[in-house]
Amino acid sequence: MASSPAAATGTRTAMSPSLVVLALSLLLGIQPITTDLYLPALPALTADLDAPVSSAQLTLTALLLAFGVSQMVWGPLSDRFGRRPILLAGLAAYVLAAIGSSMAGSMALLVAWRAVQGAAMGAAVMCARAIVRDLYTPEQGARAMSRGLSGLGVLACLSTPVGGAIADAFGWRAALAGPAIFGAATLAVIALRFEETLALKNARALEPGTLVRTWTEILRNPAFLAYSALTMASYAGLFTFLATSPFVFLEVLGLSRVQYGMMMFGVTLVYIVGTVVCRRLLPRLGLQRTVAIAGAVSLAAGSTMGLLALAGVSSPWAIIVPHALFMLGHGVHQPCGQSAAVAPFPHAAGAASALNGFIMMLAAFAVGAWIGPRLGGGTVFVLTNGLWFWSVGIALAAWVLVRRYGNLLPAPAHGRFGSPDAAATSTQPNRPESR
């Protein structure tokens, strides 16, 4: 039977392990709710607002850029004031921005509201990763993160088919209003049940000198860079698919919205399987070997998809099946990479989580900027070549960087992050099961 997650780091909390997993699932799951729910409505809203396809892509890329940049602010704020107040403020702003998006009268206004929504979403996802570091040791953190990402996978499974059904029945504005309901429910759970997980707030976390020293220490840590490269490549591959698949499957390959939604449902189920595989492999193989095996799966997926496209195979299955294999690897890379990138920094988990998230979203923004002008050509190559490229990057990160630099040793606490008192907080685990 699982002991309290807080036992791993000495943080005192009465929250049960199941409540922690629920909170992580909701906070992490807000991302697919925000990005996937409206995907089937993208062609319709583009036509209704009389905007080009490239402008429609900005509703996603602007959101993700704001999401990434905002974490650089939310992270130090959460190290200074705690996770709970940042979550309450961020989720409240998220609900308001989601309502604004659903009422936008032009593409420019919609992009602006989506950027605000992305900035607010940054508080939820950043704090989720920091909470894992607050409560768990590195390997236990990867397993806990995989449970939270399993919850994310369930929400992602539902997002696209539900979004397609809502868009068909009520229009694209209703699909954009859905995240407001989810955000309000998440806000209620955090307000009523969630307890602070940060044992010791850093009173100097927002001082310019402390910020510079903190970012420098994080960026100089080879384990952080190795695991961040892994999460970046894996997320960039996923984002390539998300940004291109509505147009490729609906307009080039001729699937209906319902068919597209069911396809997304199926590949996300495979992602959930990947998170379960992650939990099974970690105790047996450890982080580095688990990631290496998943890297081979990712490379096989991207290469198969790319070669089939080059051979002229235009069936939807030639993309769906390899992408499902890619999602299996993604279900391993994300929990392992996200938790391991933050693990060396128990006293600056917010800042490390923020920087890891910023790197992922910066890559996604660059991918979106590259994709936008290339859509609409009537081919699948933007999707297939893009995912093939990132699968190679995943394999290189897993087999070279993580293998060489992926041993996790906590950064020295004393004086590093601006709070001498931080050294007093023990990071020695009691190693509870994180079931």
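Some observations on this one:
- Selected residue [touching a helix residue (DSSP H, G or I) at 6+ places or on another chain (Cβ under 9 Å), charged (D, E, K, R), surrounded by fewer than 22 Cβ atoms within 10 Å (Cβ to Cβ) and touching a residue at least 40 places away in the same chain (Cβ under 8 Å)] from ARG204, ARG284, ARG213: ARG204
- Inter-residue pairs, beta-carbon under 7 Å, first among the basic types (Lys, Arg) and in the range 52-64, second surrounded by 24 or more Cβ atoms within 10 Å (Cβ to Cβ) and modelled with pLDDT of 80 or more, 6+ apart: none
- Beta carbons closer than 7 Å, at least 6 apart along the sequence or on distinct chains, pair a first residue in the range 378-397 that is part of a loop (DSSP other than H, G, I, E, B) with a second that is surrounded by 21 or more Cβ atoms within 10 Å (Cβ to Cβ) and aliphatic (A, V, I, L, M) for VAL380/VAL248; VAL380/ALA309; VAL380/ILE319.
- Exactly one residue among ILE272, ILE218 is β-branched (Val, Ile, Thr), in contact with a Pro (Cβ under 9 Å, 6 or more places away or on another chain) and under 29 Å from TRP74 (Cβ atoms), and that residue is ILE218.
- Residue in the range 328-349 that is of a type outside the set (S, T, N, Q), closer than 23 Å to LEU63 by Cα and touching a Lys or Arg at 6+ places or on another chain (Cβ under 8 Å) present: yes
- With respect to (1) assigned to a loop (DSSP other than H, G, I, E, B); (2) surrounded by 24 or more Cβ atoms within 10 Å (Cβ to Cβ), the lone exception for GLY312 is condition (2).
- Exactly one residue out of GLY331, GLY295 is crowded, with 19+ Cβ neighbours inside 10 Å, in contact with a Ser or Thr (Cβ under 7 Å, 6 or more places away or on another chain) and in a helix (DSSP H, G or I): that is GLY331.
- Scan of the range 243-259 for residues that are buried (at least 22 other Cβ atoms within 10 Å of the Cβ) and either within 22 Å of the chain's Cα centre (by Cα) or free of Cβ contacts under 8 Å to residues at least 24 places away in the same chain (or both), ordered by number: ALA243, THR244, SER245, PRO246
The values are calculated or read from the model by the stated rules, or taken from the named source; none is laboratory data. Since we're looking at a predicted model, the values are computed, not measured. Here Cβ is always computed from backbone atoms with ideal geometry, including for glycine, and neighbour counts include all displayed protein chains.
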